[in-house]
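I have placed the structure first, in the form of structure tokens, so that the comments after it can refer back to it.
The values are calculated or read from the model by the stated rules, or taken from the named source; none is laboratory data. Keep in mind that this is a model prediction, so the values were computed, not measured. Glycine also receives a Cβ, built like all others from the backbone with ideal geometry; neighbour counts cover every protein chain displayed. These area figures cover heavy atoms from the full protein model, side chains too; ligands, DNA and RNA do not enter into them. Shrake-Rupley method; radii C 1.70, N 1.55, O 1.52, S 1.80 Å.
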Amino acid sequence: MNEITVAITGAAGQIAYQLIPMVLGGHVFGDAKIHLKLVDIPVAVPKLAGVVMEMEDCAWSHMLSVEAFSSDALDQGFKDIDFAFLVGASPRTKGMERADLLSKNGNIFKVQGQALSDYAKPSVEVLVVGNPCNTNCLIAMKHARNIPDTQFYAMTMLDEHRARYQISRRLNVAIDAVKEVFIYGNHSATQFPDYENAKPAVDHSDPWWQETFVPMIQTRGAAVIQARGASSAASAAYAAAQTAQFIVQKSDQPFSVARLSMGDYGSPEDLIVSVPSYFKDGICTAYGKYTHSESASALIQASYDELQAEYDQVLELGLIDVD
Ligand code: NAD
């Protein structure tokens, strides 16, 4: 029997509440039967007991086990896992400086990277969703000495989905007809959703693309918070499920994901950067040879610069060592 052991951190949170049923419902890991480990901070563990009960009450045919663990017990929570969704993160609270956010999350992802290295299978694949996801992913990767860097990913699929939907509306075509839309840079308000290489082709001379489309995608997360009073959860969970599918299937179809840069599309090496990617010989690699206008290149560079600044900051905070 094909079995897989999966951990989800932030398991008592709102994204996980949507993601867990997708995983146990068999929508992510194909026919594999699943041992699921739910991890959250100690104070949230009693709530996890309720999530466990609900999943038992679904009697999922793919479920072998579902258990709750405290983030203080990653030796158990990450033991022998094949796939990790790192969703849990410390939120940015009112008045918090970005450096404080990086520092708080950096410490979480440092511990988790070390624990993945110590307790997970060396073949584990790791998808970081918790923000700031690119830099959190970088920190976890740097502390996971026993796991190849190529097995770490940060999620930009939600941004791609947001962009594809808006393009389909603008062009008045079916969503599935919109292809080759990729996110460049950071999962943040500096990201560049590339409309220039989208299929069907768009009219670049129309200022709507730069003036309305790009900022709309860059700030869509904030717009959802404004309207819903809580951040994107269903759409984030769906994007995480889909990214995991691409990863476990080693898909040769291109998709948006942030991963260790090899200098692709002019990105600085050694950072976790989103560019068009696909699996080639089992490794997630840059896809295509897309070109960009001067103005788009400047926007992409601005997002790379932001990632470089985050890197410099975590270096200063002592959260990673220079190799
Ligand atoms: P949430 O606040 O509902 O849940 C977060 C959970 O993480 C909480 O239960 C919290 O207790 C837990 N947590 C905190 N520290 C932890 C640790 N050290 N170990 C394990 N669990 C820990 O938040 P949410 O809406 O589920 O969002 C989770 C994260 O995903 C946030 O950082 C959010 O910004 C991010 N996010 C990313 C994307 C993306 O596209 N990459 C999209 C949406 C949200």
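For the chain, what's the relative contact order in percent, using C-alpha pairs closer than 8 Å and at least 6 residues apart?
17 percent
Using the Karplus relation 6.51 cos²θ - 1.76 cosθ + 1.60 with θ = phi - 60°, the per-residue 3J(HN,Hα) values for the stretch 88-98 come to x, 7, 8, x, 7, 9, 3, x, 6, 6, 4 Hz, with x marking Gly and Pro. A 1.4 Å probe run over the protein chains yields, for the chain, 44 Å² of accessible area per residue, whole-number rounding. Ordering ILE175, ILE8 by accessible surface, largest first, gives ILE175, ILE8; the 1.4 Å probe counts only protein heavy atoms, with every chain in place. Contact order, relative form, for the stretch 103-160: 42 percent (alpha carbon pairs under 8 Å, 6 or more residues apart, mean separation divided by residue count).
Within the stretch 3-154, the proportion of C-alpha pairs whose separation exceeds 23 Å stands at 32%.
With the simple spin-label model, which puts each label point 7 Å out from Cα in the Cβ direction, the SER295 to THR93 separation comes to 4.2 nm. Can you give the % of DSSP beta bridges in the chain that are antiparallel, to the nearest 5? Bridges in the chain are about 40 percent antiparallel.
From the square roots a ≥ b ≥ c of the eigenvalues of the alpha-carbon gyration tensor of the stretch 157-310, which class results: rounded (a/c under 1.5), prolate (a/b over b/c), or oblate?
Note, shape of the stretch 157-310 comes out rounded.
Across the stretch 71-114, the residues whose backbone nitrogen lies under 18 Å from the label position 7 Å along the beta-carbon direction of LEU315 are 99, 102-103, 106.
Of the GluC sites (Glu not before Pro) found in the stretch 222-323, the ones in coil according to DSSP and having at most 10 other Cβ atoms within 10 Å of their Cβ are GLU269.
Annotation: ARG220 carries an accessible surface of approximately 90 Å², with a 1.4 Å probe and no ligand, DNA or RNA atoms counted. With the simple spin-label model, which puts each label point 7 Å out from Cα in the Cβ direction, the MET262 to LYS179 separation comes to 2.4 nm.
Here the accessible area is traced with a 1.4 Å probe on the protein chains. For the chain, carbon and sulfur cover 51 percent of it.
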